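Visitor: Attaching a single structure in structure tokens format; questions to follow.
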Amino acid sequence: MYQSLELSNPVLSGVRVLVVEDEFLIMVELVALLEEAGAEIVGPCSSVQQALTAASHETFSAAVLDMRLGSELVSPVARELAHRGVPFIFYTGQAQSDPVLAEWPDVKVVAKPAASNQIIDAIVRLVR
């Protein structure tokens with residue numbers, strides 16, 4: 001997934017992004033990618049409880065959510081973000097079959113693995 005963007009003017013400068021991902025290596029790559037694009041990271045969170053705590057105590061512009069965190073679905077986090085008016089994308093390897101999609105048909109889904117520009121472009125669209 002991760003490729004250096006070599007940005008002279010980071011497109012996500014000043015944007016705070018909540019990262020919710022339970023796979024350690026994917027989380028590290030995602031955080032590095034977003035930081036290189038200028039984003040400030042909230043979290044990262046690897047469980048629904050951590051993400052709900054961050055969602056209720058932090059401010060951020062957008063979120064990247066894995067649909068499944070171990071045996072938990074990310075739905076409670078998505079509901080809290082929607083309630084607070086925070087836009088989010090799903091970043092998942094289960095984009096075709098996950099029942100979470102039924103509740104969130106209009107949310108952008110980026111399928112793992114994704115090219116760096118797909119993730120950055122999706123976040124840029126959220127915060128415009």
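Visitor: When only Cα pairs under 8 Å and 6 or more residues apart are kept, what is the percent relative contact order across the stretch 16-114?
Guide: 25 percent
Visitor: Hey, rough spin-label estimate for Gln94 and Ser13, points 7 angstrom out along Cα→Cβ, what's it come to in nanometres?
Guide: 3.9 nm
Visitor: Given 4 °C and 1.567 mPa s, compute D for the chain with the Stokes-Einstein relation, Rh being the Kirkwood radius over Cα pairs; round to the nearest whole µm²/s.
Guide: Estimated via Stokes-Einstein, D reaches 90 µm²/s.
Visitor: Still on this model: Assign one of three labels to the stretch 63-128, namely rounded, prolate or oblate, based on the Cα gyration tensor with a ≥ b ≥ c the square roots of its eigenvalues; rounded applies when a/c is under 1.5, prolate when it is not and a/b is larger than b/c, and oblate otherwise.
Guide: Cα axes put the stretch 63-128 in the oblate bin.
Visitor: Before rounding to the nearest 500, sum -39500 (n - 2.57) across all DSSP H runs of length at least 4 in the chain and divide by the residue total; then give [θ] at 222 nm in deg cm²/dmol.
Guide: Numbers: 5 runs with 49 residues, N = 128.
That comes out to -11000 deg cm²/dmol.
Visitor: With a sphere of radius 9 Å drawn around the Cβ of Ser47, what net charge do the other residues whose Cβ falls strictly inside it have (Lys, Arg +1; Asp, Glu -1)? Numbers along the way, then the final one.
Guide: Details: positive: none; negative: Asp22, Glu72.
Local net charge: -2.
Visitor: Once R0 is set to 22 Å, what does the formula 1/(1 + (r/R0)^6) return for the Cβ-Cβ distance between Glu40 and Ala102, expressed as a FRET efficiency to the nearest 0.05? Each step should come with its number before you reach the end.
Guide: Details: r = 32 Å, r/R0 = 1.46.
According to the calculation, E is roughly 0.10.
Visitor: Would you calculate the separation in nanometres between label points at Arg125 and His57, each defined as 7 Å from the Cα along the Cα-to-beta-carbon direction?
Guide: Result for the modelled spin labels: 3.3 nm.
Visitor: State to the nearest 20 debye the size of the charge dipole of the stretch 16-114 about its Cα centre, where the only charges are +1 on K and R beta carbons and -1 on D and E beta carbons.
Guide: Charge dipole of the stretch 16-114: 240 debye, to the nearest 20.
Visitor: Stretched out fully, how many nm does the piece from Ser71 to Val28 gain, at 0.36 nm a residue minus the Cα gap?
Guide: 13.4 nm
Visitor: Same structure, new question: Give me the dipole magnitude in Debye, nearest 20, for the stretch 58-128 about the Cα centre, with unit charges on the beta carbon: positive for Lys and Arg, negative for Asp and Glu.
Guide: Once rounded to the nearest 20, the dipole reads 180 debye.
No lab work stands behind these numbers, since they all come straight from the coordinates. In this text, all values refer to a predicted model and were calculated from it rather than measured experimentally. A quick note on method: Cβ atoms are made from the backbone with ideal geometry, for glycine too, and the neighbour counts reach across all protein chains shown.
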